[in-house]
Structures are given as C-alpha cells and as structure tokens.
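Working notes for the structure below.
All of the numbers you see were taken from the coordinates with simple rules; none came from a lab. Computed from a prediction, not measured in an experiment: that's the story for all the values here. Here the Cβ positions follow ideal geometry from the backbone for every residue, glycine too, while neighbour counts run over all protein chains shown.
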Amino acid sequence: MKKIAIILLALLLPSPLWSQPRKPTGIAEIAAYNGPDREQIFFSGAKSEGKVVWYTSLAGDSYKAIARAFEAKYPGVRLETYRAGGTELVPRMTEEAKARRPIFDVLETTEDSLMISKESKLLRPYFSPYLDKYPDEVKDKADKGLVFSTNVRESYLGFGYNKSQISPGAVPKGFDGLLHPELKGKLAITLNESSAKVIGAMSKIKGDGFVKKLKSQEIKAYTVSSAALVDMIAAGEIGASFHIFRNHALVSAAKGSSVGWIPMELVPTNCGGVALAAQSSHPNAALLLVDFLLNDAVKIFEKFQYGHPTIDYGFKRWYQDRAMPLPELEKETARWEKLAKEITQR
C-alpha cells in the first residue's frame, strides 16, 4: 500500500519532464512549432545539423552581410548561400526535386518565382513568431496560422529625375504631371518589366487613354537595365524616367549625384519573400534563418536601401504581382508592355 501511495503522489505532483513541451520532430512539426523555447530548440538542432542552405536572388553585398550576421548570432551554424536570379533558381530547384535530391533549405526571391515554386510543390508552410508584425497583404497564407511566404524586402518604382535638368515646377506630383510641357523630349524608359509595371499602375488609375497621350512627350526607349538608366540620369544624358527604383536613386544621390526621386499616386512594388523548402535537410537551421530574415535582417535590408513592408513611407504601394492570379498577371503584363512600345514609337 505504501508503494501505491508513493506512485499516486508522484502522479499528482508536477514533473519537470511532463511540464516541458515535447520537442518537435520531423520537418512538419518543426515548421509549425510555436513553443516559447523555439529559438533554443532550433539552435541546438541547428548546431547538430551544422549548416543551412539558402537560395536567394538578392543582389550586391546585401546577402553577404546577412550571412555574416546570421553566423555571428548562431556560431557553429554555417550559412551556405547560392545566389542567382529567380528565373534561374526555379528550374534549379525543380530539377533537384525531380532527382529527389533537394538541396536548398530556405528560399528568398521575387514574388513571381515564389508563386511558381508554390505551384510546383517546392515550398512548405511555416510559422514564425514575427509574422504578426507583417501586414496581411505581404503574406501568402496557408492553414492554421502558417504561411507559404512573407515579403521581407521591397523596391519602389517612381519618378526619377536630374535636379539640374528638371525644374521644381515640372516635377510631377502624379501621373498627370508627366504631360508637363517641360518634360517633352526629356523622358526615357527601358522596355522591360519595370516600365510595364508603371504603365500598369497608370492604366489602373488613369486608364489606357491617358497612357497613350504620353506618346506626345517624345519618350526615348533604351535597351539598358533600370540601374543603368539611373546612371544616365545622373550623367545628364537624359532628364527623367517614370520607372526608377527608389533604392537605385538613393544610392546614386548618396554618391553625390543630382538624382531625385518621388512617388506617384500608386507605387508598383517589387518584393522579395522568404519561404521554406518542402523537404529541408536542415530543418532546425532553416527555421532559425526564416526567423532571422523576418526580424534581425530588417536593419540590414534598410542599410542597402531596400524598403520594408512594416515601415510606412507615406505613399500607396501596389503589390501588382500578388494582385491577380499568375495567368492573368502574365496577360496584363503583355498588354502593359505593348502600351510601353506604342508610346515610344516614332
């Protein structure tokens, strides 16, 4: 009877083992884990895994700065990075999946590539305690509070101009201002997806009829990148363009150029989002990196002049890549590209 009483007493008393949450096992449980000891558990597991493989389309030194900061915070966990454009990453990941040898653990790339990756079953929904900081429109939601991806960096398209060539009175405060007489012959664009997106914003706000009026402004077309177009504005080769990225203009101005930038009434927004691989070989380290990109990396993105979805910059963003299904987006983009060609033809 004495032994039975001891057993019953032990059952009634709280046990240190029983009071602790069960550690998640397997990629599905790890991806959805929401315990208070999340970072501790993941860091312990990540050190055993040794590394995490990150596929990203971030350019310049930004991804290198993120890698250094991550490894400094989590010593013993190596961040192995593969950098390429989204159009290169998706085929690479697809081939790895077909060969049943998935390599990447975490993906950071543009929204269109994220959509294709999701449709191709390359991604797994995840939880992060930092998701509440992000507006709903930048999260691709799944069931049970999980997400397929979350935007972590943004680039904004607006009016970039040379302050020495364009007088303050001719700087447009909206799309209507692009018809100012002083801008005739001074505007230029590149026939790429950036100009198409701004044409799409104009069409959405003002209609196709307004866009066609821009032909009278004698807009020049160039076959250069958007970044190169900023350099041409800085050099005084052209006066202005309506599809200049804010971060490119800020970087140019920081180097001493006379490039200025202002938003229009609707600002097309290019995004890069973070996603988790469907079959991660290093799941603990992968979730550590996901949390790091959603929280710690914000200041690093700002350092490299990227915008962030949690910060109000005083203008209306248009998430055009998320605003419609992919087939419809492709159809609309083709229409916008056609309009861009029409207004630059002589």
Most fluctuating of Ser195, Ser281, Ser44 in the GNM of the chain (C-alpha, under 10 Å) is Ser44
Rounded to the nearest 500, the 222 nm mean residue ellipticity computed for the chain from DSSP H runs (n ≥ 4, each -39500 (n - 2.57)) alone is -12000 deg cm²/dmol
Of the listed links Lys184/Lys213; Lys23/Lys139; Lys173/Lys212; Lys133/Lys204, those spanning more than 22 angstrom between alpha carbons are Lys23/Lys139; Lys133/Lys204
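How much length is gained on full extension from Leu250 to Tyr313, taking 0.36 nm per residue of separation minus their Cα-Cα distance? Mind showing how you got there, number by number?
Details: separation 63, 0.36 × 63 = 22.68 nm, distance 1.39 nm.
Gain on extension, Leu250 to Tyr313, equals 21.3 nm.
Which order do peptides 256-263, 288-295 fall in by mean Cβ count within 10 Å, highest first?
Ranked from most to least packed, the peptides come out as 288-295, 256-263.
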Percent antiparallel among DSSP beta bridges confined to the chain, rounded to 5, stands at 65
Here the FRET efficiency for Glu39 versus Thr94, based on Cβ atoms and R0 = 22 Å and rounded to 0.05, is 0.10
The set of residues whose placed amide H lies less than 5 Å from the amide H of Ser149, leaving out same-chain residues fewer than 5 positions away, is Asp140
Ser216 and Asp231 label points (each 7 Å along its Cα→Cβ direction) are spaced in nm at 3.6
Simple spin-label estimate for Glu80/Asp208, 7 Å along Cα→Cβ, in nm, reads 5.0
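Note down the magnitude of the dipole of the chain about its Cα centre, charges +1 on Lys and Arg C-beta and -1 on Asp and Glu C-beta and zero elsewhere, to the nearest 20 debye.
Details: 47 positive and 39 negative charges, 50 e Å.
Result for the chain is approximately 240 debye, rounded to the nearest 20.
Please arrange Met324, Met93 by how many other C-beta atoms lie within 10 Å of their C-beta, fewest to most.
Going from sparsest to densest Cβ surroundings: Met324, Met93.
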Restricted to pairs 8 or more residues apart or on different chains, the lysines in the range 27-124 with C-alpha atoms under 25 Å apart form a number of pairs equal to 10
So Asn295 and Ile103, fully extended at 0.36 nm per residue minus their Cα-Cα distance, gain in nm 66.7 nm
Least to most buried among Val224, Val298, by other C-beta atoms within 10 Å and fewest first, runs Val224, Val298
